[in-house]
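Enquirer: Submitted below is the structure of interest, expressed as structure tokens.
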Amino acid sequence: MIHINKKQIIYFFTGCMAIFFMACNSKIEKEQEQEQELHNSLIGYESKYWYKRSLAHVLLNRMESEKNQVLWGTTYHTAAPVPLGSVGPAKYTRKLQGIIQNDSLGRVLKSAVSDGINVVLVIGDGMGNMHMALPIYKRYAENNKKQTYFEKIMSEGSCGYMHTGTARGVVTGSAASGTAIASGTKTMMNMVGVDPNGNPLLSALDCAKQSGYYTAVVSDAGITDATPAAFYAHSVNRDLESDIALQLAQSNKVDLILGGGAGQFIPQNSSFSDYYTGTDYPEFTSSRNDNLNLFKIFEEQGYQLCFTVQELKNCSANRIVGLFDGGGLKPAVEYRANQTFPTISQLADKAMKVTSRQKQPSFTMIECARIDWEAHDNDMVSVYKAVEEMNNILEVAYARYHKDPKHTLLIFTADHETGGLEIAYKDVEKDQGESFQLPSGDTYTNHTYPLFYEQFLKELEGQDKTISSILSISENAAELQNNLLKHAGIKLNTEEAEMLFYAKHDYKKYKLE
């Protein structure tokens, strides 16, 4: 008979518990190691040259670049020269060819205004040469012989490149570059309409208004954002948008104001519907830091307010404020027929119609801001759609120019390049390459893929939401996997989807430790 005393029983159960806890700890440690391994794998995608919030975008680009051959260098601005095209009187266009600085463009604008020339300036915010080339390559891939208006303007008029640096450095932002373009004077980062000492600068739009011009500012960003603000406001910091909005309302210098950013024009802690109600009106809250209703100031000055596509279409006034969202307008990739919010090309079309019926000369600045926003997110398809919108704008702007080519100067350019977008060839293994007989009888072999046209076209047409929207609406990794396939045609395996979801939602906790 085996006798087990109390002490042995205690030792036995203690040992069992120890083994159990060791097993549990081992499992926990393994899970922690796996999570840390995932965390460490993301470190390679983390850099001071990418927004921390854009880690998921960068990671997705790296996952997909093996397939689509699209490469982004950063989610920030770069120093790459930007395209510059113009048509109009040779006195001005010959100064816009070759390689120039952004402040040179500002001086050309002022010169044209001093001579009473109509000016239409279209700025593709963040648009580099590769961004502009996307619709050009698409047409070539489709064997479509019709030129884009980028090509048409550059071939008929002048063609050049523009350096975009600030007064102190090589890489710029929209505020500094917008100010150089608007005024002809370089300034420092984040400054709007002031020189490096903080002194107000006279913009080409200011000069135009002083000379009796009709003036228009159009943007799919907030109308108080850096680029449009550079033409009418003066601020040492672009983020002081409540003050910039007040300057716009009180200055009475812009006759036609179309875009987004209505949240900067209603009193703080209020909603748009507290003051304005109507069918299909946008709904948003105030972004102001005071209790002013700037729309009332506009109305007192004789402006007609428009908040929907239909209201803008029906508006016959010469002085119009049309703001269609609390912030920026919707992305081009998500445009749908019969929508209640306008596209930037619709706003530009309205601007061309209104300016063309004026008796005095006109100065119009149109900004395509969504190119920059989508490039910050490394979203090539959304960039392409935004550039196509700019091409649509250039079409109506070119028609405006063509009515009076001797007295109209049409210019397109960008304030800077965003993202370092490139498309690269890739080498493949020999067993994956091409090999076939040519009509000459020779055998052709190739192991370098150029991004074949059929694949390029497939990439451009397979997306109906921005990558940011897809990331935002996906509540777990499985949803993200499904939504990327549904809305962007992107196929990820389970591990990739989990890694991407982790990068979007969980990785931030490590940044707080």
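Enquirer: Every residue in the range 245-288 that is part of a loop (DSSP other than H, G, I, E, B) and within 30 Å of Ala176 (Cβ to Cβ), please.
Expert: Asn252, Lys253, Val254, Asp255, Gly261, Ile266, Gln268, Phe284, Ser286, Ser287, Arg288 - these are the residues of the range 245-288 that are part of a loop (DSSP other than H, G, I, E, B) and within 30 Å of Ala176 (Cβ to Cβ).
Enquirer: Answer with yes or no whether Ser242 is in a helix (DSSP H, G or I) and touching a Lys or Arg at 6+ places or on another chain (Cβ under 8 Å).
Expert: In short, yes.
Enquirer: Go through the residues of the range 127-145 one by one and say whether even a single one is of a type outside the set (D, E, K, R), in a loop (DSSP other than H, G, I, E, B) and crowded, with 23+ Cβ neighbours inside 10 Å.
Expert: Yes.
Enquirer: In the range 184-203, what count of residues is obtained for those that are more than 20 Å from Gly222 (Cβ to Cβ) and either without any contact (Cβ under 8 Å) to a residue 40 or more places away in the chain or of a type in the set (A, V, I, L, M, F, W, C) (or both)?
Expert: Count: 10.
Enquirer: Here is a follow-up. With within 26 Å of the chain's Cα centre (by Cα), in a loop (DSSP other than H, G, I, E, B) and under 20 Å from Ile393 (Cβ atoms) as the only criterion, which of Phe341, Phe363 stands out?
Expert: Phe341
Enquirer: If I filter the range 88-106 for residues that are within 24 Å of the chain's Cα centre (by Cα), hydrophobic (A, V, I, L, M, F, W, C), crowded, with 23+ Cβ neighbours inside 10 Å and closer than 14 Å to Met390 by Cβ, do I get at least one hit?
Expert: no
Enquirer: Arg288 fails exactly one of the following numbered conditions: (1) touching a strand residue (DSSP E or B) at 6+ places or on another chain (Cβ under 8 Å); (2) farther than 23 Å from Met352 by Cα; (3) surrounded by 15 or more Cβ atoms within 10 Å (Cβ to Cβ); (4) of a type outside the set (A, V, I, L, M). What is the number of that condition?
Expert: If we test Arg288 against (1) touching a strand residue (DSSP E or B) at 6+ places or on another chain (Cβ under 8 Å); (2) farther than 23 Å from Met352 by Cα; (3) surrounded by 15 or more Cβ atoms within 10 Å (Cβ to Cβ); (4) of a type outside the set (A, V, I, L, M), just (1) comes out false.
Enquirer: Just one of Leu409, Leu451 is hydrophobic (A, V, I, L, M, F, W, C) and more than 30 Å from Arg357 (Cα to Cα); which is it?
Expert: Leu451
Enquirer: Okay, moving on. If a residue has to be of a type in the set (D, E, K, R), farther than 16 Å from Ser219 by Cα and assigned to a loop (DSSP other than H, G, I, E, B) to count, how many in the range 318-338 make the cut?
Expert: Residues flagged as of a type in the set (D, E, K, R), farther than 16 Å from Ser219 by Cα and assigned to a loop (DSSP other than H, G, I, E, B) within the range 318-338 amount to 2.
Enquirer: Can you give me the number of residues within the range 161-183 that are touching a residue at least 40 places away in the same chain (Cβ under 8 Å) and either assigned to a loop (DSSP other than H, G, I, E, B) or surrounded by fewer than 21 Cβ atoms within 10 Å (Cβ to Cβ) (or both)?
Expert: Residues that pass the stated criteria total 8.
Enquirer: Go over the candidates Asp243, Asp225, Asp274 one by one and state the one that is among the charged types (D, E, K, R) and buried (at least 24 other Cβ atoms within 10 Å of the Cβ).
Expert: Asp225
Here, each number is a calculation from the coordinates, and none is a lab measurement. No experiment lies behind these values; they were computed from the predicted model shown. Backbone-built Cβ (ideal geometry, glycine too); neighbour counts: all protein chains shown.
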